[in-house]
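Take a look at the structure below.
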Ligand SMILES: Nc1ncnc2c1ncn2[C@@H]1O[C@H](COP(=O)(O)OP(=O)(O)O)[C@@H](O)[C@H]1O
Ligand SMILES: [Mg+2]
C-alpha cells in the first residue's frame, strides 16, 4: 500500500492518454531488489517527476522503461506518440524503444566527446532517417538531402537549448551545464513523444538550474513532449512538475501534486525526518544527493559493447565519457 492520492482513482484515464502504463514491476539483481512491485501511470502532456533518496530505484526505473533492464515481474506498456497503439517494452532492445518515441538523457552524461556539438545532435536526428550506410557511402541524392535536413534540424535543436554559438565546438570541451543541454538536444533529435531526464540539473549552478527549468517547461508546453524527470533539486521539481512520484527502497511510497507531496508525512520521513518546509532545503544541502556518478558505469553493469563508430569508444567511459551504441539511442 502507498499513501498515494491516485489520480487514476478519481479521473479514469483514457488508454490513449497514457504514455506509460507500468504494472507491478519488480527488478532484482541477485539479492538486491531495486524495484519492488512498482505500478504507475504517466499521462500524456505531463511533467512527471520521480524523486527519492539515492539507491531508491529511480535510474533502475528509467532503465526498465527504455529496454536497458528487463524486470523479472510486471508489465510496461508505452504509447509515446499520440495515436500509437500500446507496445510492451520489456524485452525490447533500447534502439527499438527509442524508435517508439522514448528518448532519454543519462545521470552520467553520455555524449560522443570527440564529435562537435552539431554532430552529436545529428546522430540523434539521423536515427529517424531512412538512408542506410550504403547510400551514405555512395552519396546518393536521398542521402545528401537527408544530410542537409539533419544538419538544419540539428542547428534548430541547438538553438532550442541555447547552444547555437557552440555548434562547431567539440562536445568534450563544453562546460558541464552545456553538455547536459546538448544531451537534451540530441534526445530531442530523435523526435520523441516522451523524454526521460535523469538528474539534468546535477552539477549545474543556480543560474543554469533556472535556465534548465525554463527549457524543460518549454519542451513540455511549446514542443508538446511529455517529460519524465528524475531530479534532486526540490525547488526545480516543485516549480515544473505537474505530478510527483516518490520512490524509497524500490517502492512507490507516495504520488500526488507538488503541494500534496510537500505535505506528505511518509515523504518527509523518507527524506530526512524534518518538517515539510525543510525538505527542499535539506535535500539540497546533502552533498551525496548531488553525486553525479553512480559507482559503476552502465557499460560495466550491462556488459554492453562500445559503439561501432570510430570516434567514440566505450572503453574507459567516465561520467563525461563515451556512449555505447545501444544506450545513446535510448
Ligand atoms: N546493474 C545492477 N546490478 C546490481 N545492482 C544494481 C544494478 N542497477 C541498479 N542496482 C541497484 O539497484 C538499487 C537502485 O539503484 P538506482 O536505480 O541507481 O537508484 P537511484 O537512481 O534512485 O539512485 C541500488 O541498490 C543499486 O545498487
Ligand atoms: Mg540514479
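Structure data summary
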read-out: Any hit, region 78-89, residues being within 16 Å of ligand 2 (Cβ to nearest atom), touching a strand residue (DSSP E or B) at 6+ places or on another chain (Cβ under 8 Å) and at pLDDT 95 or above; value: no
read-out: Condition met for residue 91 (surrounded by fewer than 18 Cβ atoms within 10 Å (Cβ to Cβ), under 22 Å from the mean Cα position of the chain (by Cα) and farther than 30 Å from residue 271 by Cβ); value: yes
read-out: Condition broken by residue 110, with the remaining ones in (1) modelled with pLDDT under 95; (2) more than 30 Å from residue 173 (Cβ to Cβ); (3) within 16 Å of ligand 1 (Cβ to nearest atom) satisfied; value: (2)
read-out: The lone exception for residue 85 - which of (1) touching a residue at least 12 places away in the same chain (Cβ under 8 Å); (2) over 17 Å from the mean Cα position of the chain (by Cα); (3) over 17 Å from residue 25 (Cα atoms) it fails; value: (1)
read-out: Meets criteria (away from ligand 1 (no atom under 16 Å from the Cβ) and within 19 Å of residue 246 (Cβ to Cβ)) for residue 137; value: no
read-out: Whichever residue in region 82-107 is over 19 Å from residue 224 (Cα atoms) and in a loop (DSSP other than H, G, I, E, B) and, among such residues, is farthest from ligand 1 (Cβ to nearest atom); value: 86
read-out: Checking residue 114 against (1) over 22 Å from the mean Cα position of the chain (by Cα); (2) part of a helix (DSSP H, G or I); (3) under 27 Å from residue 59 (Cα atoms), the condition it does not meet; value: (2)
read-out: Filter result (assigned to a loop (DSSP other than H, G, I, E, B) and either closer than 23 Å to residue 156 by Cβ or touching a strand residue (DSSP E or B) at 6+ places or on another chain (Cβ under 9 Å) (or both)) within region 186-240; value: 190, 191, 192, 193, 199, 200, 222, 223, 224, 225, 231, 232
read-out: Wholly enclosed strands (runs of 3 or more DSSP E) of region 27-81 bearing at least 2 residues within 15 Å of ligand 1 (Cβ to nearest atom); value: 32-43, 47-51
read-out: Given (1) within 20 Å of residue 178 (Cα to Cα); (2) within 16 Å of ligand 2 (Cβ to nearest atom); (3) crowded, with 22+ Cβ neighbours inside 10 Å, number of the condition residue 203 does not satisfy; value: (3)
read-out: Failed criterion for residue 52 (all others in (1) modelled with pLDDT of 95 or more; (2) within 16 Å of ligand 2 (Cβ to nearest atom) hold); value: (1)
read-out: Which numbered condition residue 195 misses (of (1) surrounded by fewer than 23 Cβ atoms within 10 Å (Cβ to Cβ); (2) more than 16 Å from ligand 2 (Cβ to nearest atom)); value: (1)
read-out: Residue 154 being surrounded by fewer than 19 Cβ atoms within 10 Å (Cβ to Cβ), more than 25 Å from residue 56 (Cα to Cα), in contact with a helix residue (DSSP H, G or I) (Cβ under 7 Å, 6 or more places away or on another chain) and touching a residue at least 24 places away in the same chain (Cβ under 8 Å); value: no
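The values are calculated or read from the model by the stated rules, or taken from the named source; none is laboratory data. Here the structure is a predicted model, which means the values were calculated and not measured. Methodologically, a virtual Cβ is constructed for each residue, glycine included, from the backbone with ideal geometry; neighbour enumeration extends over all protein chains shown.
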